[in-house]
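> Okay, here's the structure, questions in a sec.
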Amino acid sequence: MNNNPSFDSLPDTEILFELADLFKVFGDSTRLRIMCTISEGELPVMTIAEKLNMEQSTISHQLRVLRQNKLVRVRREGKQIYYTLDDDHVKRIIEMGLDHVLE
């Protein structure tokens, strides 16, 4: 299996399917709004919902999708759960997408 991220050769079909699935997750504007909101630091669901003027249940559902795809991580403090981007790669993907759209 070729795990080389360069385009010197075509990546394995399985890797391309995984990449397509990742882009599908980024293809939802609600999930993008959530990721942009938590890009500067961790926030609880209620705060994210308030900032986006959305229902907490909607935010929770989308955060579950983002967690399943390893795009956000959680930290529990007592009963409160805080969400943030999983790593700098996620933020860079969003920034590169914005750069491309704004060209």
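The values are calculated or read from the model by the stated rules, or taken from the named source; none is laboratory data. Given the structure is predicted, the values throughout are model-derived calculations rather than measurements. Cβ coordinates were reconstructed from backbone atoms using ideal geometry, including for glycine residues, and neighbour counts include every protein chain displayed.
> Of all residues in region 1-22, count the ones that are among the aliphatic types (A, V, I, L, M), farther than 26 Å from M35 by Cα and either surrounded by 10 or more Cβ atoms within 10 Å (Cβ to Cβ) or at pLDDT below 75 (or both).
1
> Which of the numbered conditions does Q62 fail, given that it passes all the others? Conditions: (1) in a helix (DSSP H, G or I); (2) crowded, with 17+ Cβ neighbours inside 10 Å; (3) in contact with a strand residue (DSSP E or B) (Cβ under 8 Å, 6 or more places away or on another chain).
(3)
> Now for a separate question. Could you grab me the full set of residues in region 30-76 that are closer than 20 Å to D88 by Cα and free of Cβ contacts under 8 Å to residues at least 24 places away in the same chain?
R33, T37, E40, R64, R67, Q68, K70, R73, V74
> Moving on. Which one of the conditions (1) closer than 22 Å to G97 by Cβ; (2) of a type in the set (D, E, K, R); (3) assigned to a helix (DSSP H, G or I) does E50 fail to meet, given that it meets all the rest?
Evaluating E50 over (1) closer than 22 Å to G97 by Cβ; (2) of a type in the set (D, E, K, R); (3) assigned to a helix (DSSP H, G or I) leaves (1) as the failure.
> What are the residues in region 24-41 that are in a helix (DSSP H, G or I) and within 10 Å of the chain's Cα centre (by Cα), if any?
If the condition is that a residue be in a helix (DSSP H, G or I) and within 10 Å of the chain's Cα centre (by Cα), then V25, F26, R31, L32, R33, I34, M35, C36 are the ones that fit.
> Within region 59-75, identify whether any single residue is at pLDDT 95 or above and touching a Gly at 6+ places or on another chain (Cβ under 9 Å), and answer yes or no.
No, because not a single residue in region 59-75 is at pLDDT 95 or above and touching a Gly at 6+ places or on another chain (Cβ under 9 Å).
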